[in-house]
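The values are calculated or read from the model by the stated rules, or taken from the named source; none is laboratory data. The structure presented is a predicted model; accordingly, all values stated were derived computationally and were not measured. So basically every Cβ, Gly included, is an ideal-geometry build from the backbone, and we count neighbours across all protein chains shown.
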């Protein structure tokens, strides 16, 4: 008697994929605006530490008992590498971004952070021997030309705060190192568990840095506005939980080349939201530099779209 085979699960509808992708664009594009509002009255390292403590705690509690809970338990190696990756991505990358957004517009910060694929390409070539195709090399050169246009001094009133710009310029470097390290890191096979561990570890490091730097002592509860509290809540529940859940789902059901388009769509959304909500200046230089950077990122992402290896979720995470 022939055995029955279980029917294959139907692929998700194009409408569901489009809705999830649109949510990813909007959610991760809006995190820069939320960070800018949060750090107006909450010190940046403390705000980031609280954000990832709550998000990581909720995500860990929700996922640690799901899937192969018995055979995929995190051990010392997993927690060690989670601390390294979380320290680089969240304490280094996100912490620096939050510090920089105190003095530079959120849209400008998003455009600078959009250079992450450029840094991944450069550092991958320097330290991991990754061969760069001509398209990736061209995209990298174009991208840094856009950054030069964006942050270069003009002698006018529109010049960026040099300290804030320098801090944000360092952020994608930390993200690139963390992303490259995560490729060989020991992590649970369940992506959301690994992400929760990184959030918790990154939060612990952020709290230590906040205490050591005086950031934590600078919290003035009476001065914290409802808008800043709401922004932190948005970052926790929408930016970290909803956004990343949509991202992981899309990686499972959609082509990586389609999912990766968030890298050059999010900066555009961030610039527009900063202009509309916070009246951040939208100068011709910002538009030109932003267009150059977005084109460069699109070139690199499209070039990598032809690679056969599907990246793990931990390798490509939105810095905001």
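Tabulated data for the structure shown
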quantity	calculated
Residue list for the range 33-76, restricted to those being assigned to a helix (DSSP H, G or I) and more than 18 Å from residue 231 (Cα to Cα)	57, 59, 60, 61, 62, 63, 76
Enumeration of residues in the range 124-146 that are under 23 Å from the mean Cα position of the chain (by Cα), surrounded by fewer than 21 Cβ atoms within 10 Å (Cβ to Cβ) and either over 18 Å from residue 263 (Cβ atoms) or modelled with pLDDT of 90 or more (or both)	125, 126, 127, 128, 137, 141, 142, 144, 145
Contacts under 6 angstrom Cβ, first residue in the range 104-123 being at positive phi and outside any helix (DSSP H, G or I), partner at pLDDT below 90 and surrounded by fewer than 24 Cβ atoms within 10 Å (Cβ to Cβ), 6 or more apart	none
Condition met for residue 101 (at pLDDT 95 or above and crowded, with 24+ Cβ neighbours inside 10 Å)	yes
Verdict on residue 89 being at pLDDT 95 or above, under 14 Å from the mean Cα position of the chain (by Cα) and surrounded by 19 or more Cβ atoms within 10 Å (Cβ to Cβ)	no
Of residues in the range 223-249 being modelled with pLDDT under 90 and surrounded by fewer than 22 Cβ atoms within 10 Å (Cβ to Cβ), the one nearest to residue 46 (Cα to Cα)	245
Answer residue from the range 175-197, given it is buried (at least 23 other Cβ atoms within 10 Å of the Cβ) and within 27 Å of residue 104 (Cβ to Cβ) and is nearest to the chain's Cα centre (by Cα) among those	175
Scope the range 219-239; condition out of contact with any helix residue (DSSP H, G or I) (no Cβ under 7 Å at 6 or more places or on another chain) and either in a helix (DSSP H, G or I) or over 23 Å from residue 56 (Cβ atoms) (or both); matching residues	220, 221, 222, 223, 225, 226, 229, 230, 233, 237
Enumeration of residues in the range 240-256 that are part of a helix (DSSP H, G or I), touching a helix residue (DSSP H, G or I) at 6+ places or on another chain (Cβ under 7 Å) and either without any contact (Cβ under 8 Å) to a residue 12 or more places away in the chain or under 23 Å from residue 300 (Cβ atoms) (or both)	243, 244, 246, 247, 248, 250, 251
Condition broken by residue 280, with the remaining ones in (1) touching a helix residue (DSSP H, G or I) at 6+ places or on another chain (Cβ under 8 Å); (2) surrounded by fewer than 22 Cβ atoms within 10 Å (Cβ to Cβ); (3) part of a helix (DSSP H, G or I); (4) modelled with pLDDT of 85 or more satisfied	(3)
